Every structure is written in structure tokens, then in C-alpha cells.
Amino acid sequence: MNRRTIILGWLKIIFGLLVFSLGVHLTIRADLGVAPWDCLGMGIAGRTSLNYGIAMTVTSVMILVIDLIMKEKIGFGTVIDALCTGNFVQFFNDIDPFPKTEGVITGIIIILAGLALMAIGQYFYMSSGQCCGPRDALLVGLGKRMKTLPIGAVQMILWGTVLLAGWMLGGPVGIGTLVSTFGSGVVMQMIYGMIHFDPRSVVHQGILETAALLQRD
């Protein structure tokens, strides 16, 4: 990598996060239940004195520690993810670009469309080679340890485990929660199968490696 490819990689990450965040907005817009990670955060908040935001922050830090234990790198992609994703999702929630819809079937279709956009967005920022957010790094780390399973199946196992933990802690579970949990892996595998992409094959560059290259140029 040189300075130009690094900067282009950052733009690719930002574009991917925009697409991913639009997908997240759609899953929220469907209004059929919270996502698995939100279920876990609400469950933790309900069992402790923490509010939801702090509970999610604590969860992210714990995931980051697990990522480091699994020797997944922390890079500029991780930083950009942390700074941008929440703001991008809030932006789409504020402008609310899609008309309001009603009905369970319509809601499920919207969730599936959101999951597809999330998978496409993940492709763009994970393929940049500059690392990704804590949850995606966890997916990749687990995928490397479950080499015989398609990455979509690993995603389903991960989200299913998160949902189970959240439910056991008292987090809310709706139809949309179940669709997201079990549909995410299927949608991801279909899309990545079509474009022949496996996140486990990407060689990522840590933040110190990237900084050294920027200084060299």
C-alpha cells in the first residue's frame, strides 16, 4: 500500500459504512423488533444499573478485547467504523427517506432488503484491508476458527448466540429479531457467494503499519 491506496481505502470504508448504515436503518424502519445486538444491550441494561448506551459501549469494549485475544488487528477501519456508523444510522433515521409501510410481510421484506445492504456494505469496508469494526472482526476471527463452515453460517451462529444471551437476560425479541438473526447469514452467504468473497481471506493492515506507510510516503 501507498498513500493513495490507503486514502482510497478510507473512502471505500466510508462508502461501505454508508451502505451498511442504510441497511441498519431499514431493519429499524420495519418496526418488527430489535436486532440481536440491541436485544443483548437492552438485556444487560435491564439487569444492571447501566443505561442502554453505556451497556452497548461496554459490550463493544468486551468484543474488542476478544478480537485482540483472537489476534485480529485494529486498524484505521476500526476507528472509522467507531466514529461514523452510529452517526450515519442516525442521519438516515433523521431524514427517513422511505415512505411508511405497514404489515408483517412488508416489514419482513424491508428487513431482508436491509440485511442485503448491510452485507454489501460489509463487503466494501472489509475488503479494504484496513480492518473493520469490533463485531465484524469477531465474525472474521470466529470464521477463521470454523474453516469448514461458510461465513454466512458463522454469522448465523454468532447472531443466534447473541440473541440467546440477550433473551436470557430479558431483552425484547420480536419477529424482526428472529428474521434478522437467521436471515442475515443466509443473505450474506448468497451475496458473497455471487461475488466470490470470503472475509477470512482478506489480509488486514494494523493501524501502526498504515501510519508507518503514511509517514514513509
Nearest-ten-degree value, helix 52-69 long axis tilted from longest Cα axis of the chain: 40
So, with points 7 Å from each Cα along the Cβ direction, the D96-L68 label distance in nm works out to 4.1
By average Cβ neighbour count within 10 Å, what is the ranking of 113-123, 203-213 from highest down? 113-123, 203-213
Rounded to the nearest 10, the angle in degrees between the Cα long axis of helix 151-168 and the longest principal axis of the Cα atoms of the chain comes to 50
Of the range 167-205, those with amide N under 14 Å from the point 7 Å along the Cα→Cβ vector of I54 are none
What relative contact order, as a whole-number percentage, does the range 152-217 give when Cα pairs under 8 Å and 6 or more residues apart are counted? 40
Rounded, prolate or oblate (a/c below 1.5 giving rounded, otherwise prolate when a/b exceeds b/c) for the range 40-165 by Cα gyration tensor: rounded
Roughly what angle does helix 76-95 make with the longest principal axis of the chain, taking Cα atoms, 0 to 90 degrees, to the nearest 10? 40
Count the lysine pairs in the chain that are 8 or more places apart or on different chains: how many have C-alpha atoms under 29 angstrom apart? 8
Tell me, S201, S180, S49, S127 in order of fewest to most beta-carbon neighbours within 10 Å? S49, S201, S127, S180
Scaled radius of gyration (Cα, divided by 2.2 N^0.38 Å) that the range 3-216 gives: 1.00
Peptide ranges 51-61, 79-89 listed from the most packed, as the mean C-beta count within 10 angstrom indicates: 79-89, 51-61
With n ≥ 4 as the cut-off for DSSP H runs, can you work out [θ] at 222 nm for the chain, using -39500 (n - 2.57) per run divided by the number of residues, rounded to the nearest 500? -25000 deg cm²/dmol
Charge dipole magnitude, Cβ of K and R +1, D and E -1 - the chain, Cα centre, debye nearest 20: 560
Could you line up E72, E102 from fewest to most neighbouring Cβ atoms inside 10 Å? E102, E72
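No lab work stands behind these numbers, since they all come straight from the coordinates. Since the structure is predicted, the reported quantities are computational estimates derived from the model, not experimental observations. In this analysis, Cβ positions are derived from the backbone assuming ideal geometry, glycine residues included, and neighbour counts consider all displayed protein chains.
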